[in-house]
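This report concerns only the one structure given below.
The values are calculated or read from the model by the stated rules, or taken from the named source; none is laboratory data. Given the structure is predicted, the values throughout are model-derived calculations rather than measurements. Glycine also receives a Cβ, built like all others from the backbone with ideal geometry; neighbour counts cover every protein chain displayed.
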Amino acid sequence: MKKEDRKLFSHRFHEESIFVHTTDEDLNPWDRTRIVAVLVNETGIDYQLADKISEEIQTTVFSSGIRVVTSELVRELVNAKLIEYRFEKARERNKRLGLSLHDVEGLLRFSSVQYPGPVPSPAGTGTIMSGILKRQFALSDIYPAHLHRMHLEGRLHIHGLSTPDRPWKVYLNAVDLLEFSYCSGGLVLEKPTTPSRFITNFQRINALLSGFVGDGVHWTGIEEALLALGASAEELPDQCAGLVQAGMLHEPAAQNGMARAFHLSCPEVIDAVLCRMREEKILNTIITTESKNWFPSPFLALNNKVPSDTTFILEAISLNLPGLAIRSIVEDTTPEVELKRLMSKALSIFARKRVFLEKVSAVVPGGPLDLLNRLGFNPSLSPCVIAVCGLNEWSRVLLDGDVDEGPDRFTRADEFLSRIRSQVSTEAELGKIKLLLGTVDQKEAAYRFARLDLKFQPFYASRVLNGEIRDGSVYYTRDAALPSDKPLDIKKKAEIEGTFQRKFDLPFRTLVKCMDPDQLPVAHFTKNLQHLLLTQDFSICYNCFIMESGVYQTCPICHSTEVATYFLGNEGYECALGQTRTEGMENSRFFFY
């Protein structure tokens, strides 16, 4: 072979000796035409420009001396070139989602510390990673920059960011399962003809729904369904108790912290369920009942507004009311003007989520939301929830940071909540979407709002937020609760919060903690409150496994010091050992003796 031919061959071999390691663990020879194809197909730029960019990237790679490059590196080089040519939108469409090696290692080693959950495990780390990836996708693809910036700035909080491919919450009527049959992906459910068959179908669907719903599942009509299939009144309490017990002990959602709520109406059934819960030490579930059948008891919630029909909640957004008040002062406007701006943005976010879920649910048969479609899920008809956070701090911002215990504070807050109620109705008519003023789990939102407001508007935020500024553990009051710095009688607290609860479609919960709930007069609560939870703290000994009401440092039975105290917060029972000082302060403000 001639020397000139060897040079040509050597140059060709040099090109082919560079390989690309792809994300699907494949190794391919270098081929710059793939860069051209990706740029044209994914970003839509002109073919000639894509070819020019690929040549420049090839020159960079060949001159670097690298023999194996990753597809991530190639994409980063492409994005750098797109910025150089001022194609920002094309770069957004071409960027890759994911975590750095440092972040992944931190999650694998310390996930239980960074993201505390009920049962930390290596499998839970994968759930955390997938949630982070989905949040990145939602903020990059579903919601455009002018919308997701509202979330990033803390003006509002989108609760379904980590679950953009599923509805936020569902209320299911068990009576609908009487005519329900399903066969897909190895799951076969026949139409139930006996109570035992219904119980089997209910347990399987209840366990599966943890992968289809973002926040929680609420069941109604359990007793009616069992009675319709021939269950006797004597068998009903034990059957319902078994359903709740199995639903909370064996389903994956119980480990992931997803809320489960069961709406019951028969006092005998409630007694049996509560007995099972105490025996099995089930700590994180909600039992609801009609007010006419309600009686004081621990673990029991009163709620007159549980949807009786199957209802899918598409998405939930919390509004930062303290930040809204601060912005109205800084920009010299009124809270009503800022509220209207926020509501219009929230409506746009709901519309984007609805369009995306319509695309996902349209994949039939056997699509990712096939089971929900069979249960009646329709994104176009599903309502969305508007929640408020920090009404207490909102009033304090307008009062120049003071805590006014007079009637003017409650009157002003009540009037603004009425305006929010009216604005929700107005926006629902304009946007042709069903909106609910409701309550959500605001643990993340309450802390995020306070931290961001403290960062951008420290003069106003530092005067009203709660917690410790020095270590960053700050938060706002959740929902529309108005904690008082003075001791309040239970009856007085019920009257104040009952006024606010009546304005909510899905009312927030008022917690009343006492050692002996049976001694509380029911008349104080059934008249005004729409949503009430009576509870008592309790302690579990890890030595003899005895559960006792009250807070103990030493077990009263075996005198062991291995005792954990549990208390009920706004999102269920939590162990006092796992909370920070600030979290303890926050939860204590919601208890009234």
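Tabulated values for the structure
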{"quantity": "Subset of the range 137-164 [without any contact (Cβ under 8 Å) to a residue 12 or more places away in the chain and within 17 Å of the chain's Cα centre (by Cα)]", "calculated": "His148"}
{"quantity": "Looking only at the range 36-75, and only at residues there that are charged (D, E, K, R), in a helix (DSSP H, G or I) and touching a residue at least 12 places away in the same chain (Cβ under 8 Å), the one that is farthest from Ile18 (Cα to Cα)", "calculated": "Glu42"}
{"quantity": "Output for the range 141-162, where each listed residue is closer than 23 Å to Gly211 by Cβ and touching an Asp or Glu at 6+ places or on another chain (Cβ under 8 Å)", "calculated": "Ile158, His159, Gly160"}
{"quantity": "Identity of the residue in the range 119-135, crowded, with 17+ Cβ neighbours inside 10 Å and more than 15 Å from the chain's Cα centre (by Cα), that ends up modelled with the lowest pLDDT", "calculated": "Gly124"}
{"quantity": "Among residues of the range 292-342, those that are in contact with a helix residue (DSSP H, G or I) (Cβ under 8 Å, 6 or more places away or on another chain), in a helix (DSSP H, G or I) and at pLDDT below 70, counted", "calculated": "1"}
{"quantity": "Qualifying residue in the range 426-435 (condition: farther than 22 Å from Glu153 by Cβ, of a type in the set (Asp, Glu) and surrounded by 13 or more Cβ atoms within 10 Å (Cβ to Cβ))", "calculated": "no"}
{"quantity": "Helices (runs of 4 or more DSSP H) contained entirely in the range 233-289, each with at least 1 residues that are among the basic types (Lys, Arg) and modelled with pLDDT of 65 or more", "calculated": "267-280"}
{"quantity": "Filter result for Leu178 (within 22 Å of Gly242 (Cβ to Cβ) and either out of contact with any strand residue (DSSP E or B) (no Cβ under 7 Å at 6 or more places or on another chain) or modelled with pLDDT of 90 or more (or both))", "calculated": "yes"}
{"quantity": "Subset tally (residues that are part of a loop (DSSP other than H, G, I, E, B) and either touching a residue at least 60 places away in the same chain (Cβ under 8 Å) or not acidic (Asp, Glu) (or both)) for the range 189-221", "calculated": "9"}
{"quantity": "Residues located in the range 352-367, provided they are surrounded by 14 or more Cβ atoms within 10 Å (Cβ to Cβ) and not aromatic (Phe, Trp, Tyr)", "calculated": "Arg352, Lys353, Arg354, Leu357, Val360, Ser361, Gly367"}
{"quantity": "The range 78-94 - residue that is surrounded by 17 or more Cβ atoms within 10 Å (Cβ to Cβ) and hydrophobic (A, V, I, L, M, F, W, C) and, of those, farthest from Val36 (Cα to Cα)", "calculated": "Phe87"}
{"quantity": "Residue check, Glu393 closer than 20 Å to Leu482 by Cβ and either free of Cβ contacts under 8 Å to residues at least 60 places away in the same chain or of a type in the set (Ser, Thr, Tyr) (or both)", "calculated": "no"}
{"quantity": "Single match in Lys169, Lys134 (criterion: under 24 Å from Leu321 (Cα atoms) and in contact (Cβ under 8 Å) with a residue 12 or more places away in the chain)", "calculated": "Lys169"}
{"quantity": "Lone unmet requirement of (1) modelled with pLDDT of 80 or more; (2) farther than 26 Å from Leu139 by Cβ; (3) surrounded by 11 or more Cβ atoms within 10 Å (Cβ to Cβ); (4) not hydroxyl-bearing (Ser, Thr, Tyr) for Gln48", "calculated": "(3)"}
{"quantity": "Any hit, the range 316-325, residues being within 30 Å of Tyr182 (Cα to Cα) and surrounded by 13 or more Cβ atoms within 10 Å (Cβ to Cβ)", "calculated": "yes"}
{"quantity": "Whichever residue in the range 203-218 is at pLDDT 85 or above and in contact with a Gly (Cβ under 8 Å, 6 or more places away or on another chain) and, among such residues, is surrounded by the fewest Cβ atoms within 10 Å (Cβ to Cβ)", "calculated": "Gln203"}
{"quantity": "Extreme residue, modelled with the lowest pLDDT, among residues of the range 433-464 that are over 22 Å from Ser328 (Cα atoms) and part of a helix (DSSP H, G or I)", "calculated": "Lys443"}
{"quantity": "Any hit, the range 415-432, residues being part of a loop (DSSP other than H, G, I, E, B), under 24 Å from the mean Cα position of the chain (by Cα) and modelled with pLDDT of 85 or more", "calculated": "no"}
{"quantity": "Hits in the range 174-188 (condition: in a helix (DSSP H, G or I) and touching a residue at least 40 places away in the same chain (Cβ under 8 Å))", "calculated": "Ala174, Val175, Asp176, Leu177, Leu178"}
{"quantity": "Filter result for Arg155 (modelled with pLDDT of 90 or more, within 30 Å of Pro335 (Cβ to Cβ) and not β-branched (Val, Ile, Thr))", "calculated": "yes"}
